[in-house]
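One structure is given here, and the rest of the page talks about it.
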Amino acid sequence: MRVKVEVAGNSYKSVGRLFTTEGAAPAALPIATESKSCDVCTVAEARAVMLRLADGLRAHIEDNAPPLAPAPAAPPAPQPRVLGPVLVAMAGALAIGAGFAVLATNGSCTATGCDENRTRSAAGGVLIGAGAVLTVGGTYVTIVRSRGGDPVTGVNVAFRW
């Protein structure tokens, strides 16, 4: 597109030419020409004349534009993989339960005193601690992976230190 504006005093003459970019000799001959003039006018009136010139050329551009193909649909987002973290959280919950069971069966108390096994107490504490870490970590990873896209139905709890 080429636009030429001539100013002589208060007179404005504008000519717009639209060229093609297709064919053997692109841009050789204009495919549309519009001209507008304004004798003895203000700058605001000259601006209005230029806008009318642009509107006239826009109609030619829209007529010659190739039809736009619809954009391809975006592929659906993959479903998040949460089976692994859920299984880890469940294993942690089982380890906590096993730790409490070990502590509950740790010795017996009679009138003469208590018989405690420190190794069983340590094993029960380790099971509870490791189970808590696995449960919290697995639950947190499940929450992080399930965010985004469509909401995932379920109840998740996350703790941060």
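The values are calculated or read from the model by the stated rules, or taken from the named source; none is laboratory data. From a predicted model like this one, the values you see are computed outputs, not experimental measurements. Neighbour counts are summed over all protein chains in view; Cβ atoms, including those assigned to glycine, are modelled from backbone coordinates with ideal geometry. Accessible surface areas use protein heavy atoms only, side chains included; no ligands, DNA or RNA. Shrake-Rupley method; radii C 1.70, N 1.55, O 1.52, S 1.80 Å.
Residues in region 6-21 that are of a type in the set (Val, Ile, Thr) and surrounded by fewer than 14 Cβ atoms within 10 Å (Cβ to Cβ): 7, 21.
Per the listing 46, 93, the residue uniquely of a type outside the set (S, T, N, Q), closer than 30 Å to residue 5 by Cα and modelled with pLDDT of 80 or more is 46.
Quick check on region 145-154. Is at least one of its residues open to solvent by less than 80 Å² (accessible area, probe 1.4 Å) and either part of a helix (DSSP H, G or I) or modelled with pLDDT of 75 or more (or both)? Checked region 145-154: at least one residue is open to solvent by less than 80 Å² (accessible area, probe 1.4 Å) and either part of a helix (DSSP H, G or I) or modelled with pLDDT of 75 or more (or both).
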